[in-house]
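Notes for the one structure printed next.
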Amino acid sequence: MDGAGPLSLSGRRWIFAAVDQDAATRFAQVARVPEQIARLLISRGIAAEDAASYLNPRLRDLLPDPSVLADAGLAAQRIAHSVIAAETIAVFGDYDVDGTASTALLVGVLRELGATVLHAVPDRVIDGYGPNIDAFRRLVDGGARLIICVDCGSSGHAPIAGISGVAEVVVIDHHALTGALPPARAVVNPNRDDDTSDLGHLCAAGVAFLVLVALMRHLRAVGWFNGRPEPDLLGTLDLVAIATVCDVVPMRGINRAFVDRGLARIAQAPRPGFSALSAVAGLKRGVDAQALGFALGPRLNAAGRLADADLGVRLLLAEDAATAEALAGRLDELNRDRQTIERAVLAEALEAAEAQAASGLPVIVVASPRWHEGVVGIVAGRLRERLHRPAFVFAIGSEAAKGSGRSVPGVHLGHAVQQAVSAGVARKGGGHALAAGVTLDPEQLAAFHTLVCGACDTAAVAGPPPLAIAATLTPEGADAILADMVARLGPFGTDNEEPRFAVSGLLSHVSRMGRDGATLGLTVTGESGTRLRAVLFRADDGPLAEGLVQARGHSVTLSGRLRRDDFRGGDAVSLQVNDAIYA
């Protein structure tokens, strides 16, 4: 990338991609793709001979052998034993989207195999993250002789030891894990120290899917499917897809294939839960990765934030439309409540966070007894976006402060939290590079802040990161053909960012939209009179919206992502704005 431009309204430098024209032409000819796609692939470091596989990520080419995961074979054997012996199995998941989808994935497949399956999801406020002995004992009292912890359990040493001799535990997780393993029968976690699979970029649902592949292989080898139907694992990739998108894991390799195939499954045969969520979210076009992350995921997540996280599992396992519609309606209500609470907490947290950033602290840590712990992760993400540095937000309760953190590239929060636990500063915690959760005594907040600041690479938070611009466009060139070409590079996510374009023209229209006016509707007009619709979401957060309102009637350059317009349909497109230059 080169060609840095002036500072934008959000205070960022724009870096324009530099692609040699001759190289783009040769690439297009060799790969047999349009030149615009060639330029975008070159900027991603994709070779011409790899273009076809990149544009069409196939599961058969990218799915790893599950045996490369430490303990995957052991886990498959133990689960198979329960299936064959007709033991009751319990699945204990996390309360976020990854945990909810992973729980539904395992419960659904195990029931198809004929097993009796219980499931439990901890209450965020009462139980906190991960396994607890009371929940385990309830599952054992319900008859469980095998408990599968999914998206949690790597740090659950005490609860797992507490049921030793009564039931066995298999852990399927992906969170950062160093030191001694918990005393489980098997711990399948690509991020454990001795795992050499190079699959640490998977979410828990992705790891669970591979364990199920190993389970099917084992059951096939012992003849279990002689006369019995074999579950269709490909039909569960919709669950893996939403977990992969919402857990913000790197969108590369097998993860892209998981999401691509999962979206195809939703388009072909959506489960009742996805159909009902799409309806309450008002989706008019087919579900894509953006819809999973910004429409369906937050509603599914709302249960674990404000109410019973089991609502999400029940929705994903619903077999009829009526049940799914009732559950989806409840989740939509909870999501609206979450948005209201989130806005109030963010307004309070922002002042203290800005003061910490102004003083030069590389990590933000804010806390209050007034804040609902169900939204601390979202608010941490908002602070991270606004202040361009890792942020932890804590809700202080009567017995503990429970917090959630969101990070920037280059600062591994999971490792920082583990340091805090090892140092005795935190009671428990865990996570991965970009997100982590932690529980500590309120009087340890200052010590925790000092520790995580010391663990932070200050170079990673030196200032707002530059904004990568893939190409410049006019309103005339921002059409449906280009939008469809760009979509072929998806699914998008971390490590496969959706291209941003710079579009220049007259800002002929600006208006507030939505129930709370937090969205700006924009129109950019080109020299020929062609108009491009644009939209800025969360327009009440930061100086960008204010600058755009002042720029009405003047020439601007907007940066954003070009997409089909779901509301207008047909060949309409819109630019989803994330920055602007107005001088």
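Nothing in this text is a laboratory measurement; each read-out follows from the coordinates by a stated rule. Please read these numbers as outputs of a predicted model, since none were measured by experiment. Here Cβ is always computed from backbone atoms with ideal geometry, including for glycine, and neighbour counts include all displayed protein chains.
Quick notes on this structure:
- Separation of the residue 198 and residue 112 label points, Cα + 7 Å toward Cβ, nm: 3.0 nm
- Ranked by the mean number of other Cβ atoms within 10 Å of their residues, highest first, the peptides 197-206, 447-456, 56-65 fall in the order 197-206, 447-456, 56-65.
- Scaled against the 2.2 N^0.38 Å expected of a compact globular protein of N residues, the Cα radius of gyration of the range 7-119 reads 1.78.
- All Cα pairs of the chain, percent lying beyond 33 Å: 45 percent
- Ranked packing of 23-31, 408-416, most packed first, by mean Cβ within 10 Å: 408-416, 23-31
- Rg and Dmax, both from the Cα atoms of the range 360-461 and both in Å, are 11.9, 37.
- Gain in span if fully extended, residue 47 to residue 354, counting 0.36 nm per residue against the direct Cα distance: 106.2 nm
- Over the range 66-232, volume per residue of the alpha carbon convex hull, in Å³: 100 Å³
- Expressed to the nearest 5 percent, the antiparallel share of DSSP beta bridges inside the range 360-461 is 75 percent.
- Computed packing ranks the peptides 475-483, 84-92 as 84-92, 475-483, most packed first, by mean other Cβ atoms within 10 Å.
- Computed from Cα atoms, the angle from the helix 376-387 axis to the main principal axis of the chain rounds to 30 degrees.
- Only beta bridges with both residues in the chain are counted; by DSSP, about 60 percent of them are antiparallel.
- Helix axis angle, 413-422 relative to the chain longest principal axis, alpha carbon, degrees: 40 degrees
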